[in-house]
Amino acid sequence: MLTSERSFTYKRKRKIKSEKLKIITQNLKLESYRVVLNFKFWFYAFRFAFTNMTLTPKPIDEKTIERLRRFYRANRRLPTYSELAMLFGYSSKNAAYRLAQKLIDEGFIEKDDVGRLKPKGERLGVPLVGYVQAGFPSPAEEELVDTLSLDEYLIDKPEASFMLKVSGDSMRDAGIHQDDLVIVERGREPKNGDIVLACVDREWTLKYYERHGREISLVPANPDYPVIKPKGELSLGGVIRAVIRKY
C-alpha cells in the first residue's frame, strides 16, 4: 500500500512539473511573438515616417548646369535619362529621373510632347552679367542682369564665357557700338590687336590690346579718345570673341 501511494505521488509530481514546463514554454513563445511584433511595428513605422518626411531640397548647383550646357553644346540636345545617369555617375536611372524632375521644378528644362528633355526658356543660355563702358573707363558691376541663348557657333567655351552690354562709342571703328552685346571669354591669353575687357585702376573698359616689351597700351577705335597706358594696376577680364547687334 505504501509503495502504491508513493508511486502515485511521484507520478502526480511529474505531471505537475510537466504542466508547469508547458506553461513556461507557452509564456516564452508568447513573449517572443510580442518582441517580434514590436520590432516589426517600429521598423515599418520608422521606415514610413522616414520615407514620407518633408525635407528642404537643395537648389541645383552651378556645376550641374555647366555640365548640361557642355553636353547641349556638343550634341545640340539634352541627354536621355541613361545619358544623364552616365554624365553624373549615377548607378541607376532612378537617380537620373529625380535629377531631371528637380531641373524641371526649378525651370531649367521641360519635356516635349513625346517626353524628351529640352531646355526651357533661356535658363541654360550664356549669362549676361552687366554693362561695360566703351568710352572713358568706368566701373562694370558684376551682377546678373539676364540670360540669353545664342547660336552655338559664336561661343567656343560656354563655361568660360559671359556677355556685356556696351555703353559708349570709343570702339565704334571696330564695329562695336552703343548697346551692342559682346561675348567675353575668360582665361584666354590676349594677342596684339585683340579687343580685351581691361580693368585700369579699378575701372573697366573695352580697348585694343597692344604690348611692346613691358609696355602695354589700351588703344581705342575712335580718335576722339586717348590711348591708355596703365601706370598702376592692370587686370584683364577676358578677350572679346563676338559682337552681337540687334537692328
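See the values below:
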{"read-out": "Packing-based ranking, highest mean first, of 166-176, 220-230 given that Cβ atoms within 10 Å are counted", "value": "166-176, 220-230"}
{"read-out": "Sorted peptide list for 183-196, 87-100, criterion being average Cβ within 10 angstrom, highest first", "value": "183-196, 87-100"}
{"read-out": "Cα centroid separation - region 151-190 against region 204-247, whole Å", "value": "13 Å"}
{"read-out": "Extent along principal axes [Cα atoms of region 62-119; Å; largest to smallest]", "value": "26, 22, 20"}
{"read-out": "Cβ charges +1 (Lys, Arg) and -1 (Asp, Glu), total dipole of region 62-119, debye", "value": "240 debye"}
{"read-out": "Entries in 93/118; 120/165; 102/165; 63/93; 111/246; 63/207 that, when Cα-Cα distance is taken, lie over 22 Å", "value": "120/165; 102/165; 111/246; 63/207"}
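Values quoted throughout were computed directly from the atomic coordinates according to the rules given, and no laboratory measurement underlies them. Everything numeric here is computed off the predicted structure, so don't read it as measured data. Counting neighbours? That spans all protein chains shown, and the Cβs are built from the backbone with ideal geometry, glycine included.
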